[in-house]
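S.K.: A single structure is presented below for examination.
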Amino acid sequence: VPQHVWRINLDTPEEAHQNLSFGAADRWWEQTDLTKLILASNKLQCLSEDVKLLPALTVLDVHDNQLTSLPSALGQLENLQKLDVSHNKLKSIPEELLQLSRLKSLLLHYNELSHLPDGFGQLVNLEELDLSNNHLTDIPTSFALLINLVRLNLACNQLKNLPADISAMKSLRHLDCTKNYLETVPSKLATMASLEQLYLRKNKLRSLPDFPSCKLLKELHAGENQIEILNAENLKHLNSLSVLELRDNKIKSVPDEITLLQKLERLDLANNDISRLPYTLGNLPQLKFLALEGNPLRTIRRDLLQKGTQELLKYLRSKIQDDVTSPNEEPPVTAMTLPSESRINMHAITSLKLLEYSEKQAAVIPDDMFNAVRSNPVATVNFSKNQLKEVPPRIVELKDSVCDVNLGFNKISSISLELCMLHKLTHLDIRNNFLTSLPEEMEALTRLQIINLSFNRFKVFPSVLYRILALETILLSNNQVGSVDPLQLKKMENLGTLDLQNNDLLQVPPELGNCETLRTLLLEGNPFRTPRAAVLAKGTAAVLEYLRSRIPA
């Protein structure tokens, strides 16, 4: 850098000595001190300590040079607000730099930094800090003091973890940790209330953190990791999320709660291990881009994936069918209710014989509900769409009258003996729970006609169902059932509908063709080779006939 650049504030210009009749433009003694100095894209190997002769500098840009160090005199530029030293060969930063208390933007990307000074947090007014493409293995804990930082870029370093203290950066909106060696993200990160964009791509993450406080998070990029499980907890608080990018992971399933992300515009799930999707994805109102290629999806044909997002969403919506319309319509609330019974619809209990406590996200059904029944004969119970982990034990009190029970969309993992005592039961809906088996005691439900077990976790066809001979409809779609026993099914003379869509049937036994009472047999979305899709498309009668033709003579 020519010496007169450093001395520009001090020296009187050459022309002052020659020309004594100054025009207004030449009144050099009224010049203000230099505030911006741009020396970018040169071949500078060092900066002179004379930089201190320019104390009024607010911007110093020396990016794209060959600097291996910075002068300690930089620390005297107390007015400096922006310092760009990116694209150089810096191996360290002088401690004096930390005295720049007015610095708002510090760009250090593309250097050779392997560590940062511990006192980095002294730069309290920093709003933008770019440290990407260096050799950093850790971050000083004093980063927690950077409470005005809005953008932090740590991409392409060698970080194995982030300090939990980073969560104290209460102004941070943009955090980029792409391409490091992160195996976990500190759970405290999830408390960063201002965070809007979070990039975690190309790390070694096995799971996502829950984000209880990130109400403003708009973009979450976590592709190219080793994430296997996507939990409801990871997603349910992200009300503002518009971009969710999870491509190239090992995710096996997508929770129904993804439909809570009402502002989602882009969802990238390409190249995972997803075999089935919640059809309700089709209802996301803002979704404009959905990438699913490279997944072993059984329910969606490959040609459909290539037709683009809108066709895909239309297809998903068409498959929702009855999952949206609840079998029990809301009763009109007309009855006079006492204050103590304000949440209990007495009119429904007395006139409609309906006990309803649904869509309350409740972990238990309040005793008030059962107490209100008194001697009224209740025929229908609807406790769907809550957080129940078990069948409410007091349901047994209704055994002499109840015939229709809906416990769908809960977290029930086993059927209690109380339920098996409801001897008048004709309809039972337990779809969307965590069931893996049914107790043998269910055989006592001799009047049961319809059972909905869709979207559970059955790996085998529950054998007790073969012994409930009144059954007319068995809905078992979206489980992992691997086989059925055609000889047992043939004994079920009332069975008209059997839905086994989206299970793990590797073969369909030909003897199923002898179950001639079946009017509806649904087998789509299973991994068997035969009958082929063309046969399935012709309907139940054709499928049964085809199966009979395959029975060995």
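No value in this document is a laboratory result; all are computed from the given coordinates. In this text, all values refer to a predicted model and were calculated from it rather than measured experimentally. Glycine gets a Cβ as well: all are built from the backbone with ideal geometry, and neighbour counts include every protein chain shown.
S.K.: Output the relative contact order of segment 179-290, whole-number percent, from Cα pairs under 8 angstrom with separation of 6+ residues.
M.R.: 20
S.K.: Can you spot the lysines whose alpha carbon is less than 23 Å from residue 104's alpha carbon? Ignore those fewer than 8 places along the same chain.
M.R.: 36, 52, 82, 89, 91, 170
S.K.: Could you tell me the calculated FRET efficiency between residue 273 and residue 529, based on Cβ-Cβ distance and R0 = 22 angstrom, to the nearest 0.05?
M.R.: 0.55
S.K.: Magnitude of the Cβ-charge dipole of segment 169-314, K/R +1 and D/E -1, about the Cα centre, nearest 20 debye?
M.R.: The calculated dipole for segment 169-314 is roughly 80 debye.
S.K.: Here's another thing I want to ask about it. Based on the alpha-carbon gyration tensor of segment 339-455 and its eigenvalue square roots a ≥ b ≥ c, which shape applies: rounded if a/c is under 1.5, prolate if not and a/b is larger than b/c, or oblate?
M.R.: Note, shape of segment 339-455 comes out oblate.
S.K.: Also: Could you run the Karplus curve 6.51 cos²θ - 1.76 cosθ + 1.60 with θ = phi - 60° over segment 467-476 and give me ³J(HN,Hα) per residue in whole Hz, x for Gly and Pro?
M.R.: After applying 6.51 cos²θ - 1.76 cosθ + 1.60, I find 9, 9, 6, 7, 4, 10, 9, 10, 10, 10 Hz.
S.K.: Taking a ≥ b ≥ c as the square roots of the Cα gyration tensor eigenvalues, with a/c under 1.5 meaning rounded and otherwise prolate when a/b beats b/c, else oblate, which class fits segment 402-448?
M.R.: It is oblate, given that a/c is not under 1.5 and a/b is not larger than b/c.
S.K.: Something else about it: How large is the charge dipole for segment 341-394, taken about the Cα centre, if only the Cβ atoms of Lys, Arg (+1) and Asp, Glu (-1) carry charge, to the nearest 20 debye?
M.R.: 80
S.K.: Describe numerically, in nm with one decimal, the distance between label points set 7 Å from Cα along Cα→Cβ at residue 286 and at residue 436.
M.R.: 3.8
S.K.: Please check which bits of segment 449-487 a label hung off residue 519 would reach, taking the label as a point 7 Å along Cα-to-C-beta and the cut-off as backbone N under 11 Å.
M.R.: Residues passing the 11 Å test: 473.
S.K.: A further question on this structure: Tell me, what ³J(HN,Hα) does each residue in segment 95-102 have, in order and in whole Hz, if you take phi through Karplus 6.51 cos²θ - 1.76 cosθ + 1.60 with θ = phi - 60° and put x for Gly and Pro?
M.R.: So the J values, rounded to whole Hz, are 3, 4, 4, 6, 7, 7, 5, 9.
S.K.: Continuing with this model, one more query. How large is the Rg to Rh ratio of segment 79-192 when both quantities use alpha carbon positions and Rh follows Kirkwood?
M.R.: Here Rg/Rh amounts to 0.93.
S.K.: Also: Obtain the nm distance between the two label points defined at residue 112 and residue 43 by a simple spin-label model: each point lies 7 Å from its Cα along the Cα-to-C-beta direction.
M.R.: My value for the distance between the label points is 1.9 nm.
S.K.: Taking only DSSP H segments of four or more residues, each worth -39500 (n - 2.57), what value at 222 nm results for the chain once the sum is divided by all its residues, to the nearest 500 deg cm²/dmol?
M.R.: Rounded to the nearest 500, the figure is -2500 deg cm²/dmol.
S.K.: Dipole of segment 395-478, Cα-centred, from +1 at each Lys and Arg C-beta and -1 at each Asp and Glu C-beta, to the nearest 20 debye?
M.R.: 300
S.K.: Kirkwood Rh, segment 352-549, all Cα pairs: how many Å?
M.R.: 17.6
S.K.: Of the cross-linked pairs 202/360; 179/385; 202/288; 179/263; 218/385; 43/218, which ones have a Cα-Cα span greater than 32 Å in the structure shown?
M.R.: Violating the 32 Å limit, Cα to Cα: 202/360; 179/385; 43/218.
S.K.: On to the next question. Select from 69, 547, 310 the residue farthest towards the positive end of the dipole of the chain; place +1 on Cβ of Lys and Arg, -1 on Cβ of Asp and Glu, and compute about the Cα centre.
M.R.: Checked the options; the winner is 547.
S.K.: Each label point is 7 Å from the Cα along the Cα-to-Cβ direction; what then is the distance between the points at residue 194 and residue 553, in nm?
M.R.: Going from the residue 194 label point to the residue 553 one covers 8.2 nm.
S.K.: Just check segment 225-271 against the gyration tensor rule for me: Cα atoms, a ≥ b ≥ c as the square roots of the eigenvalues, rounded for a/c under 1.5, and otherwise prolate or oblate depending on whether a/b exceeds b/c.
M.R.: oblate
S.K.: Another question, if that's okay. Let's test this: bin the Cα-Cα distances of the chain at 10 Å from zero up to the farthest pair and state each bin's percent.
M.R.: Reading the bins upward from 0: 3, 14, 18, 17, 15, 11, 8, 7, 4, 2, 1, 0, 0.
S.K.: In percent, what relative contact order does segment 352-549 have, based on Cα pairs under 8 Å that are 6 or more apart in sequence?
M.R.: After rounding, I find 12 percent.
S.K.: Run the reach check for residue 538 against lysines, Cα to Cα strictly under 27 Å, same-chain hits fewer than 8 apart removed. What comes back?
M.R.: Reachable lysines: 307, 314, 319, 490, 491.
S.K.: What percent does the relative contact order of the chain come to when contacts are Cα pairs within less than 8 Å and at least six residues apart?
M.R.: With pairs under 8 Å counted, the relative contact order is 4 percent.
S.K.: If I stretch the segment between residue 137 and residue 311 completely, what's the gain in nm (0.36 nm per residue apart, minus their alpha carbon distance), one decimal?
M.R.: Difference between extended and current length: 58.0 nm.
S.K.: Given a Förster distance of 25 Å, report the FRET efficiency between residue 413 and residue 228 from their Cβ-Cβ distance, rounded to the nearest 0.05.
M.R.: 0.75
S.K.: Enter the angle in degrees (range 0 to 90, nearest 10) between the Cα long axis of helix 540-549 and the first principal axis of the Cα atoms of the chain, meaning the one along which they spread out most.
M.R.: The answer is roughly 70 degrees.
S.K.: For the chain, build the charge dipole from Cβ charges (+1 Lys, Arg; -1 Asp, Glu) around the Cα centre, then report which of 168, 379, 249 sits farthest towards its positive end.
M.R.: Checked the options; the winner is 379.
S.K.: Determine, from the Cβ-Cβ distance of residue 507 and residue 318 and an R0 of 22 Å, the FRET efficiency 1/(1 + (r/R0)^6), rounded to the nearest 0.05.
M.R.: About 0.20, to the nearest 0.05.
S.K.: Taking +1 at the Cβ of each Lys and Arg and -1 at the Cβ of each Asp and Glu, which of 489, 261, 133 sits farthest along the dipole of the chain towards its positive end, judged by Cα position relative to the Cα centre?
M.R.: The residue sitting most towards the positive pole is 489.
S.K.: Can you say what percent of the DSSP beta bridges in the chain, counting only those with both residues inside, are antiparallel? Round to 5.
M.R.: Counting DSSP beta bridges with both partners in the chain, the antiparallel share is about 0 percent.
S.K.: In whole Hz and in residue order, list the ³J(HN,Hα) couplings for segment 438-451 that follow from phi through the Karplus curve 6.51 cos²θ - 1.76 cosθ + 1.60, θ = phi - 60°; x for Gly and Pro.
M.R.: Computed from phi, the couplings for segment 438-451 are 10, x, 4, 4, 5, 4, 5, 7, 6, 9, 5, 9, 10, 10 Hz.
S.K.: For the chain, find the longest principal axis of its Cα atoms and tell me its angle to the long axis of helix 309-320, 0 to 90°, nearest 10.
M.R.: With both axes taken from Cα atoms, the answer is about 30 degrees.
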